[in-house]
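Chemist: First the structure, then my questions, so here it is.
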Amino acid sequence: MTTGGPTDLVTFGETMLRLTPPRGDPLSRTDDLAVHVGGAESNVAAAAANLGLDAAWLSVLPESPLAERIVHGLRGEGVEPIVRWADHGRVGTYYFEPGVAPLEPAVHYDRRATPIRSATPADLPLERIREAEAFFTTGITPALSETLATTTAELLAMAREAGTTTVFDVNFRGKLWDPEVARETLAGLFTDVDLLFVADRDLRTVFGSGADPEATVAELWDEHGLDTVVVTRGIDGALAVGDETHEQPAFPAETVDPVGSGDAFAGGYLAAWLRGADVPTALERGAAAAAIKRTVEGDMAPLSPVAVQAVVDGEPIPERPEGSDDGDGSIER
């Protein structure tokens, strides 16, 4: 387990290896699989780190070369992996078939027996959460096991008590649990959440928003004492409900790979908001980060403040957004 000082953002959850065949190759016929690191909580940490936050990802992994691949991938994005190494279990994987019309994209999980499922607060360096400015997790984590549902609740409550801002993304996964179970479990968590992200599709599936999603959001906000609820709406942009309501249109982007765009949105929002930006600015930065993510393969987005600003300004993204070569091979930053 690595250690360090206080961070801007600590996330907690399971990260897997994603295996993807070339577009047009079904899994049953392919000879090639591209490997990517993917997990909602680590995707958010990577986006926030690329945009200037000191971000860490907290999890449990088995001691194996595949787990080292995950750690290596996150370090490459500027994320500090805070890992408890387990002597049992395996690294979870998932297979993503991009799909070409009329076929829809398909996801196949292979994540049983991963060691994070048995993690309790006693297994984790809780001081890192208490000392962080913000703590982030998602509805995927409590869906993995009853133990993790309890752990998630305890971590959110502990963070809230310590004065750490708590952030939660519903991220409903129908292959992990039923909407009714999710709704009951999540309702018990929301009382310890400050900022809630939820996709409009999850509003409909889990909370039955029907034809009036804004009324459902307002009800969640009021019932659970949330500071802000941010609704991501795909091509229709995003909506933030709090003391005031703000809307943000989506930025146009050619979609190469949609996976992780919601995580990029959350990371972009948090990178701005935790540095003092108001909600409209944070929404704008989140939407720009999501647009950039859609243009690249894999779960994590190659973001930079310059690239995000270019999208906001409607300008082409510079070829080298993170610095310029001064001629001797060094990069000025």
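Chemist: Considering (1) closer than 23 Å to residue 41 by Cβ; (2) modelled with pLDDT of 95 or more; (3) not in a strand (DSSP E or B), say which one residue 251 fails and leave the rest.
Modeler: All conditions pass for residue 251, except number (1).
Chemist: Turning to a different aspect of this structure: Pick from 220, 189: which is within 25 Å of residue 135 (Cα to Cα), modelled with pLDDT of 95 or more and buried (at least 18 other Cβ atoms within 10 Å of the Cβ)?
Modeler: On inspection, the qualifying residue turns out to be 189.
Residue-wise test of (1) assigned to a loop (DSSP other than H, G, I, E, B); (2) at pLDDT below 95; (3) under 16 Å from residue 299 (Cα atoms); (4) not aromatic (Phe, Trp, Tyr).
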position	(1), (2), (3), (4)
52	yes, no, no, yes
58	no, no, no, yes
73	no, no, yes, yes
89	yes, no, no, yes
141	no, no, no, yes
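Chemist: Specify which of the listed residues (122, 153) is over 21 Å from residue 236 (Cβ atoms), in contact with an Asp or Glu (Cβ under 8 Å, 6 or more places away or on another chain) and surrounded by fewer than 18 Cβ atoms within 10 Å (Cβ to Cβ).
Modeler: 153
Chemist: Given the options 186, 203, name the one that is over 15 Å from residue 41 (Cα atoms), touching a helix residue (DSSP H, G or I) at 6+ places or on another chain (Cβ under 9 Å) and in contact (Cβ under 8 Å) with a residue 40 or more places away in the chain.
Modeler: After applying the criteria, what remains is 186.
Chemist: Okay, next question. Right, residue 67: of a type in the set (A, V, I, L, M), in contact with a strand residue (DSSP E or B) (Cβ under 8 Å, 6 or more places away or on another chain) and not in a loop (DSSP other than H, G, I, E, B) or not?
Modeler: yes
Chemist: Further, regarding this structure: List every residue pair whose Cβ atoms sit under 6 Å apart, with the two residues 6 or more apart in sequence or on different chains, where the first one lies in the stretch 52-76 and is free of Cβ contacts under 8 Å to residues at least 12 places away in the same chain and the second, anywhere, is outside any strand (DSSP E or B).
Modeler: Short answer, once both residue conditions are applied: none.
The values are calculated or read from the model by the stated rules, or taken from the named source; none is laboratory data. Predicted model, so just to flag it, every value in this text is computed and none were measured. With ideal geometry, Cβ positions are generated from the backbone for all residues, glycine too; neighbour counts draw on all protein chains shown.
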